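S.K.: To start, I am sharing the structure in question, which I have written as structure tokens.
The values are calculated or read from the model by the stated rules, or taken from the named source; none is laboratory data. All values derive from a computational prediction rather than experimental measurement. For neighbour counting, all protein chains shown are included, and Cβ atoms are generated from backbone atoms with ideal geometry for every residue, glycine included. To get the accessible areas, we keep the full protein, side chains included, count just its heavy atoms, and leave off ligands, DNA and RNA. Shrake-Rupley method; radii C 1.70, N 1.55, O 1.52, S 1.80 Å.
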Amino acid sequence: MIDPKNNIDGVMDIAIANGKIAQVGKNIDPKNAVQVVNAKGMYVTPGLIDLHSHNFYGTEPDHAYSNGTSALPPDGFTFRSGVTTVVDAGGSGWKSFPLFKQNVIDVSQTRVLAMLNIVGEGMRGGPYEQNTNDMDSKMTATVAKMYPGLIVGVKVAHFSGHEWTPVDRAVEAGKIADIPVMIDFGGSNPPLSIEELFMQHLRPGDIFTHAFGQLDSREAIVDTATNKVKPFVFAAQKRGIIFDVGYGGISFAFSQAIPALKDGFLPNSISTDIHTGSMNNAMKDMTSVMSKFLAMGMKLQDIIKTSTWNPANEVKRPDLGNLSVGAEADVAILNVRTGKFGMFDYKGYKIETDKKFECEMTIKAGKIVYDLDGIANPIYPPRAPRPTRTH
């Protein structure tokens, strides 16, 4: 059992009752249990939290990630990789959030949180995301405050202008609503300075996603001439800027990640940026991204922390990402497979490794929602008997 919040890293049992963690300890007697899961040789962790996901799916072909066909229905792509909570990163804006809540959040078994796009129309692509007239700090913050704990941040993405307007308006909304801002930064030519972004525009607790990207339109954190992390990046992380993986389709390169980890720079959170364009390419899913960091030498315990407890705190939801007694029973059971595996990025750079994560089981609110190999006994718990009725 690995529970970073409670500094637990050892062989333990967990008892679950009424959807909550009821007991944690060694050798809990299973005689009163209606169902037992044998996780011997596996890792039991809090349910994984994907901090950067795209789930505002719909039927509008020209709406991209905002009620469009580029986003994904969460339940089909979460539980099979141990994810119990996703944060939709800017699919909806203040104008479209009610539709997102009605059509996706309210009907999903996965816990779906949201970062509002600073663009009122949301992540509709094209000219919509370049319209600074639709970047309203006050309305974004007003809607965010209507849904505390559900709307957990403000998102900036895909802006190609050489100006700071989207960032500054998002930060202003974040200040009013007391929530962090997530920045998908880049697109301008020449690229804007990430040092200026970190030190002059963002606040401690704000999130820089796609941290290991290497694109011509975005300044990278590793100096490609020296293969060293730029000194101000360490200073920014120490200041409280959050560095999130946000793997995506073209937003992660081994040429950044390998030297960064070698230089002692670790991400604060691991996330997928999953959408229809990334899930069948180099990214695939949460356990695949975690496996790449394991292959690059990141400690397994740090990988679990950056996939559970860290992201929970980054969106101010410390009730999540832990296995404390009384917490909602969101649990991932992971196996580390051994063999010969190849892992590549979108540029085709490949590394080989002998270990990778595989999700054996996912439990959401005390209910088994994914069981890869039938490790529950019985597979389906007996139903409570119906009360006897007399006439």
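S.K.: Cβ-Cβ under 6 Å, sequence separation 6+ or interchain: first residue in the stretch 17-32 and within 20 Å of I368 (Cβ to Cβ) and in contact (Cβ under 8 Å) with a residue 40 or more places away in the chain, partner among the polar types (S, T, N, Q) and surrounded by 10 or more Cβ atoms within 10 Å (Cβ to Cβ). Which pairs?
M.R.: none
S.K.: May I pose another question? Across the stretch 292-317, which residue is farthest from Y346 (Cα to Cα) among those that are in contact (Cβ under 8 Å) with a residue 40 or more places away in the chain and open to solvent by 50 Å² or more (accessible area, probe 1.4 Å)?
M.R.: Here the answer is K316.
S.K.: List pairs: first residue in the stretch 218-230 and more than 10 Å from Q256 (Cβ to Cβ) and part of a loop (DSSP other than H, G, I, E, B), second residue open to solvent by less than 30 Å² (accessible area, probe 1.4 Å) and of a type outside the set (S, T, Y) anywhere in the structure, Cβ distance under 8 angstrom, at least six positions apart or on different chains.
M.R.: Close Cβ pairs satisfying both conditions: E219/G186; E219/L192; E219/I194; K230/I221; K230/V222.
S.K.: Return yes when K262 is among the basic types (K, R), free of Cβ contacts under 8 Å to residues at least 40 places away in the same chain, open to solvent by 50 Å² or more (accessible area, probe 1.4 Å) and in contact with a helix residue (DSSP H, G or I) (Cβ under 9 Å, 6 or more places away or on another chain) and no when it is not. Outline the logic, then answer.
M.R.: On the way: among the basic types (K, R): yes; free of Cβ contacts under 8 Å to residues at least 40 places away in the same chain: yes; open to solvent by 50 Å² or more (accessible area, probe 1.4 Å): yes; in contact with a helix residue (DSSP H, G or I) (Cβ under 9 Å, 6 or more places away or on another chain): no.
It is false that K262 is among the basic types (K, R), free of Cβ contacts under 8 Å to residues at least 40 places away in the same chain, open to solvent by 50 Å² or more (accessible area, probe 1.4 Å) and in contact with a helix residue (DSSP H, G or I) (Cβ under 9 Å, 6 or more places away or on another chain).
S.K.: Here is a further query. So which residues in the stretch 209-254 are touching an Asp or Glu at 6+ places or on another chain (Cβ under 7 Å) and under 23 Å from A173 (Cβ atoms), if there are any at all?
M.R.: T209, H210, A211, I241, I242, G246
S.K.: Follow-up question, since we're still on this one. Filter the stretch 85-139 for residues that are open to solvent by 40 Å² or more (accessible area, probe 1.4 Å) and in a loop (DSSP other than H, G, I, E, B) and give the result.
M.R.: Correct list: W94, K95, Q109, E121, N131, D136.
S.K.: Those residues that are assigned to a strand (DSSP E or B), touching a residue at least 60 places away in the same chain (Cβ under 8 Å) and open to solvent by 40 Å² or more (accessible area, probe 1.4 Å), I need them from the stretch 338-367; list them, please.
M.R.: If the condition is that a residue be assigned to a strand (DSSP E or B), touching a residue at least 60 places away in the same chain (Cβ under 8 Å) and open to solvent by 40 Å² or more (accessible area, probe 1.4 Å), then F344, K355, K356, E358, K367 are the ones that fit.
S.K.: Sticking with this structure for a sec: Count, please, the residues in the stretch 35-70 that happen to be modelled with pLDDT under 95 and in a loop (DSSP other than H, G, I, E, B).
M.R.: Residues flagged as modelled with pLDDT under 95 and in a loop (DSSP other than H, G, I, E, B) within the stretch 35-70 amount to 2.
S.K.: Moving on to the next point. Being surrounded by 21 or more Cβ atoms within 10 Å (Cβ to Cβ) and assigned to a helix (DSSP H, G or I), is that true of even one residue in the stretch 266-284?
M.R.: no
S.K.: Same structure again: With respect to I242, is the statement that it is among the hydrophobic types (A, V, I, L, M, F, W, C), open to solvent by 10 Å² or more (accessible area, probe 1.4 Å) and either closer than 21 Å to L202 by Cβ or at pLDDT below 95 (or both) true?
M.R.: It is true that I242 is among the hydrophobic types (A, V, I, L, M, F, W, C), open to solvent by 10 Å² or more (accessible area, probe 1.4 Å) and either closer than 21 Å to L202 by Cβ or at pLDDT below 95 (or both).
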